[in-house]
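**Student:** Quick one: this structure, given as structure tokens, is what I'll be asking you about.
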Amino acid sequence: MSDLQTTKTDTGSKFINLLIELGFALFSILVALLVGTVFILLAGESPLDAYHALYIGSIGSWREFLNTLWRATPLIFTGFALALPFKAGLFNIGGEGQLLVGGFAAGFVGFYFTGLPSIIHVPLAILAAMAAGAIWGLIPGLLKAYKGAHEVITTIMLNYIAIQLTIRYGIDRFRTGGRQALPTIEESARLVRFVDMAEMPIIGQIPLIDVFALPGLRLHLNFILALISAAVLWYLLFKTTVGYEIRAVGFNSSAAEYGGISSSKTIILSMVIAGALAGLAGAGEALGTHHTFMSGMDADLGFTGIAVALLGRNHPFGIVLAGILFGGLTQGGLEMQFVGIPSEIVTIIQALVIFFVAGLQMLKWFLLKRREKGETE
Amino acid sequence: MDTLFQMFSLPLLLISFRYATPLILAALGGVFNERSGVINIALEGMMLFGAFAAVYGSGLTGNPWIGVLYALVGGLVFALILAVVCVTFKADQIVVATGINIFASGLTIYLMQVLFGVSGTSPRAPRLPPVRVLGMRYNPLTFVAIALVPVAWFVLFKTPWGLRIRSIGEHPSAADTLGINVNKYRFICVLISGALAGLAGAHLSIGEYSAFVRDMSQGRGFIALAAMIFGKWHPIGAFGAALLFGYAEAISIRVSFAYIPSELIRAIPYVLTIIVLAGFIGKAIPPKAIGKPYFKGED
């Protein structure tokens, strides 16, 4: 059941475990899509048409597939932001707020500083976003570690404080036009878009780079950062002492404490890293997608990230896959909208996935329980 | 000086009750489910769906009171998801509640498109008749909310039924030993909470307004959750906190300050809740068994 136990088992059963996990995830998605047909039928549309549109719009072509990856990027980050503290036994519902303060910090650095070269401006904006997100994770981490304040409630409250501070107050304070947004960021703060890569000096020399030169392609550098983060996170969790400590605290905090691990330090660390990762999601949206920080930019990405982490079984690589799946649903939903089917069906399907994953988890647990009982008798 | 005068003017204090109504209703509901040991961060989604159901029922029948009934049932139906998946099947309460919030947001917009052919604001529906008290216009649900406060207090603290709920939230296995059906009580408490959150939604859509607007609950379910914690899981405490938070909302909308931006005033309830939860002023201690599913025969 836990990571600490699975590390002891041999690679063969680990592989079987992985297949079972994958099977459960796929099964939940299938059931969600199946139940989703009811909503499509009630809307007077044909499920076949709807799912065909979903397919065409998400992975039907090379460009749509790349745009699916673009949609997946922030979800992968907010998925990480839930997963890491979860390993330490914490529920970080604050991805939304951490994303917002990160996006705001990036957007602010992006428009406020002028005349900087790209090589300084972009990292500066990204670091600002990570720092802001980290602070937004640090607060509930400290309150949990030293005051025992339930992190679910404090992170929810911090989400709304972030909304008031950034979307309401922050934008009102600095905006110049009628749009609910900060001023547009400087050219030098923009994240590299894949579509421009073929024309860039050094990267343009890479063979086949022009496969990305597609009009309407919105994928940008943050996706690469997401993949790098996944690898780093995997290494951190499963190959370092810090990762072991995080998992040990999540498994049994008093036993970990007895074994010389400081659970408060571990709790705070996991929340700070989680906040920084959610901040990166915000940075990508501000610097790569919208080129500004604007109202509505969060689009419930923080909450959807919870579903992504759940479906990805809180494993860095699982989250990348789950993020791409959810990104595909959102991207494909647009195509559904084009053919006249309410795209909110996609939101409903995403919620259904959560219900079924959570429900099936319990079913698995019951089956396991029964088998154990059978073995002892 | 002028601002100070405005801040404590009688009309502003009276109008706070209007802003506080949905918070009182949902926070009372929250007291029930949390006292029984179930965490409910889905108040937001239940309220949102209640708001939609109210407009649908009111528009369909032309009678806003039928709309209120629809809201109640709408909240109940959403609570049923939480109750079945989390109490009966013991899935994670936070995860499922998050799903419910996403579901409510998607479903209400979907239903607007399917039923009314719009996606932003629904067609108008008859609203509840206004009641004038002390020169202020209220909708009847405000008085329902206020009346429910002593009722909730009485049920929770003066009846055997309430004692059982509280004991389940503190020590479910001890309650079980005494022959109390833990999951039955939890199930009922979640349903009560859903019905009250649904009523709160009706207040938003056909009490203070006469249409449904997408995502119109705007985080009020979470403020209600905050009010419940700030009120230390007590009906009267939750009522006081809801009033305070309603007052903060009234100030931020109706009083303009020279130096403090109104947006920051609206953040006050959230900041206060964190402070209380961290124990900086009078620690708020949740029921012991909160958030943990109950498995018979295990502890």
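The values are calculated or read from the model by the stated rules, or taken from the named source; none is laboratory data. These numbers were taken from a predicted model, which means no experiment stands behind them. Cβ: placed from backbone, ideal geometry, glycine included. Neighbour counts: every protein chain shown. In case anyone asks, the SASA skips ligands and DNA or RNA and just uses the protein heavy atoms, side chains included. Shrake-Rupley method; radii C 1.70, N 1.55, O 1.52, S 1.80 Å.
**Student:** Report, as an integer, the average count of C-beta atoms from other chains found within 10 Å of each Cβ along B:109-118.
**Tutor:** 4
**Student:** Computing the accessible area with a 1.4 Å probe over protein heavy atoms, can you report the carbon and sulfur percentage for the range B:201-299?
**Tutor:** Roughly 63 percent of what the probe reaches on the range B:201-299 is carbon or sulfur.
**Student:** Output needed for the protein assembly as shown: three equivalent-ellipsoid semi-axes, defined as square roots of 5 times the C-alpha gyration tensor eigenvalues, in descending order, whole Å.
**Tutor:** With the √(5λ) rule applied to the protein assembly as shown, the semi-axes are 37, 32, 27 Å.
**Student:** Continuing with the same structure: Anything over 26 Å Cα to Cα? Flag those among A:Lys239/A:Lys265; A:Lys144/B:Lys296; A:Lys144/B:Lys292; A:Lys144/B:Lys288; A:Lys14/A:Lys265; A:Lys14/B:Lys296, in the order listed.
**Tutor:** A:Lys144/B:Lys296; A:Lys14/A:Lys265; A:Lys14/B:Lys296
**Student:** Taking the Cβ of B:Gly246 as the center, what net charge do the other residues with Cβ under 14 Å away carry, scoring Lys and Arg +1 and Asp and Glu -1?
**Tutor:** +2
**Student:** For peptide A:341-353, what's the mean number of Cβ atoms from other chains within 10 Å of each residue's Cβ?
**Tutor:** Taking all residues of A:341-353 together, the mean is 6.
**Student:** In nm, to one decimal, how far is the B:Ala147 label point from the A:Phe65 one, both placed 7 Å along Cα→Cβ?
**Tutor:** Spacing of the two 7 Å Cα→Cβ label points: 6.4 nm.
**Student:** May I ask you to derive the relative contact order of chain A, considering only C-alpha pairs under 8 Å and at least 6 residues apart, and to give it as an integer percent?
**Tutor:** After rounding, I find 34 percent.
**Student:** What net charge is computed for the residues neighbouring A:Gly204, neighbours being all others with C-beta under 15 Å from the C-beta of A:Gly204, Lys and Arg scored +1, Asp and Glu -1?
**Tutor:** So the surrounding residues net to -2.
**Student:** If you find the alpha carbon centre of the range A:143-189 and of the range A:192-218, how far apart are they in angstrom?
**Tutor:** Answer, in whole Å: 33.
**Student:** Then there is this: Would you calculate a helix-derived [θ] at 222 nm for the protein assembly as shown, using -39,500 (n - 2.57) for each DSSP H run of n ≥ 4 and dividing by the full residue count, to the nearest 500?
**Tutor:** Using -39500 (n - 2.57) per qualifying helix, the result is -22500 deg cm²/dmol.
**Student:** With Cβ to Cβ distances under 12 Å as the rule, what net charge do the other residues near B:Ile15 carry (K, R +1; D, E -1)?
**Tutor:** In short, +1.
**Student:** While we're looking at this one, here's another question. Quick one: putting +1 on the C-beta of Lys and Arg, -1 on the C-beta of Asp and Glu, what dipole do you get for the range A:242-355 around its Cα centre, in Debye to the nearest 20?
**Tutor:** 320
**Student:** Can you list the aspartates and glutamates whose alpha carbon sits under 18 Å from that of A:Lys87, skipping same-chain ones fewer than 8 residues off?
**Tutor:** Qualifying aspartates and glutamates at Cα under 18 Å: A:Asp3, A:Glu21, A:Glu151, A:Glu245, A:Glu257, B:Asp92.
**Student:** What is the packing order of peptides A:215-226, A:71-82, taking the mean over residues of other C-beta atoms within 10 Å and listing the highest first?
**Tutor:** A:71-82, A:215-226
**Student:** For the ranges A:16-22, B:41-47, what's the packing order if you count other beta-carbon atoms within 10 Å of each residue, average per peptide, and put the highest first?
**Tutor:** Going by the mean number of other Cβ atoms within 10 Å, highest first, we get B:41-47, A:16-22.
**Student:** Which residues belonging to the range A:79-101 lose at least 40 Å² of 1.4 Å-probe accessible area when the assembly is complete, relative to their chain isolated?
**Tutor:** Those are A:Phe91, which lose 40 Å² or more relative to the chain on its own.
**Student:** Oh, and also: Sorted by packing (mean other beta-carbon atoms within 10 Å per residue), highest first, where do A:149-161, A:199-211, B:19-31 land?
**Tutor:** Going from most to least packed, we get B:19-31, A:149-161, A:199-211.
**Student:** While we're on this one: Among B:Ile102, B:Ala202, B:Ser119, which residue has its Cα furthest toward the positive end of the charge dipole of the protein assembly as shown, with +1 on Lys/Arg Cβ and -1 on Asp/Glu Cβ?
**Tutor:** Result: B:Ala202.
**Student:** How many Å² of accessible area per residue for the range B:217-299, probe 1.4 Å?
**Tutor:** Solvent-accessible surface per residue comes out at 44 Å².
**Student:** Can I ask one more? Taking the alpha-carbon set of chain A, what are its Rg and Dmax in Å?
**Tutor:** Computed over the Cα atoms of chain A, radius of gyration and Dmax are 21.5, 75 Å.
**Student:** Would you please classify the overall shape of the range B:1-142 from the alpha carbon gyration tensor, given that a ≥ b ≥ c denote the square roots of the eigenvalues, rounded means a/c under 1.5, and beyond that prolate means a/b larger than b/c while oblate covers the rest?
**Tutor:** Here the range B:1-142 falls in the oblate category.
**Student:** Using only protein heavy atoms and a 1.4 angstrom probe, determine the accessible area buried between A and B, summed over both sides, in Å² to the nearest 100.
**Tutor:** 3800
**Student:** While we're on this one: Kindly state, as a whole number, the per residue volume in cubic angstrom of the convex hull around the alpha carbon atoms of chain B.
**Tutor:** About 134 Å³ per residue, rounded to a whole number.
**Student:** Which whole number gives the average count of other chain Cβ atoms within 10 Å of the Cβ atoms across peptide B:85-91?
**Tutor:** 5
**Student:** On the protein heavy atoms, probe 1.4 angstrom, tell me the percent of accessible surface of the range A:3-376 carried by carbon and sulfur.
**Tutor:** Carbon and sulfur: 66 percent of the exposed surface of the range A:3-376.
**Student:** Moving to a separate point now. According to the square roots a ≥ b ≥ c of the eigenvalues of the Cα gyration tensor, what is the shape class of the range B:56-206, taking rounded for a/c under 1.5, prolate for a/b larger than b/c otherwise, and oblate for the remainder?
**Tutor:** Judged from the Cα gyration tensor, the range B:56-206 comes out oblate (a/c at least 1.5, b/c at or above a/b).
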